[in-house]
Amino acid sequence: MKKITILLASLALSSMLCAQEGVLTRTIPSVDIKTLTGEKFNTSDIDNAGKPIVISFFALWCKPCLRELTAIADVYQDWQDETGVKLVAISIDDARSTPNVAPTVNGNGWEYEFYCDPNGDFKRAMGVNMIPHVFILDANKNVVYQHTSYAEGGENELYEVIKKVAVGESVK
């Protein structure tokens, strides 16, 4: 009986480890979301010609999310010049708050691609439970890195990962 318990525990642990590994090598799912003007957009169309892509899930009520997007905005042009990275921001605000996303984006002068996921379909498909939640995709649009939360200076760590991805280095 003890051997069976140990075997089952080992199997459960190894399947969890494999699942974690799979999380870091999956591609983004195909889900319909909306542009800031309300048009349908499929996430499979997110592309950057073989260069890194950052997908950032945020909400207007999330202060750390807004701080992170603002901090990245200060250095985004440099990031693009050096690595070709593209940032795609996904608002998970509900249908009542979605009309406030575009004015917030424009008011802050953020020059990323913005989309809205008011039903949370893309959020659920990507396994997002906490925001801000950032994913980095490689040249083949595989998720190679992710993190949640934001603290001042966190954008510097993010950029170090982006630089590795841009030259094809592993980030594991």
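In whole percent, how big is the carbon plus sulfur part of the accessible area of the chain, probe 1.4 Å, protein atoms only? Don't jump to the answer; show the numbers that get you there.
On the way: 5100 of 9500 Å².
Of the solvent-accessible surface of the chain, carbon and sulfur hold 54 percent.
Over the chain, DSSP H runs of length four or greater, each weighted -39,500 (n - 2.57), average out per residue to a 222 nm ellipticity of -13000 deg cm²/dmol. Dipole magnitude for the range 60-152: about 400 debye, using +1 per Lys or Arg Cβ and -1 per Asp or Glu Cβ, origin at the Cα centre. Charged side chains reduced to their Cβ positions (Lys and Arg at +1, Asp and Glu at -1) give the chain a dipole of some 880 debye around its Cα centre.
In this structure, the amide hydrogen of residue 89, modeled 1.01 Å from its nitrogen in the peptide plane, lies closer than 5 angstrom to those of 56, 113, 114, 115, counting only residues at least 5 positions away or on a different chain. Partners of residue 63 within straight-line reach, counting lysines whose Cα lies under 25 Å from its Cα and excluding those fewer than 8 residues away in the same chain: 34, 86, 123. Could you state the angle between the C-alpha long axis of helix 2-23 and the longest principal axis of the C-alpha atoms of the chain, as a value from 0 to 90 degrees rounded to the nearest 10? On a 0 to 90 degree scale, this one is about 20. Against the chain, whose longest principal axis comes from its Cα atoms, helix 63-83 is set at around 80 degrees. Working note: Cα atoms of the range 47-136, range along each principal axis, descending, whole Å: 37, 29, 20.
Distance distribution P(r), the chain, all Cα-Cα pairs, bin width 5 angstrom from 0: 1, 8, 17, 20, 19, 14, 7, 4, 3, 3, 2, 1, 0 percent.
The values are calculated or read from the model by the stated rules, or taken from the named source; none is laboratory data. None of the values given here were measured: they were computed from a predicted structure. Reconstructed Cβ throughout: ideal geometry from the backbone, glycine too, with neighbour counts over all protein chains shown. Please note that ligands, DNA and RNA were not included when accessible areas were found on the heavy atoms of the full protein model with its side chains. Shrake-Rupley method; radii C 1.70, N 1.55, O 1.52, S 1.80 Å.
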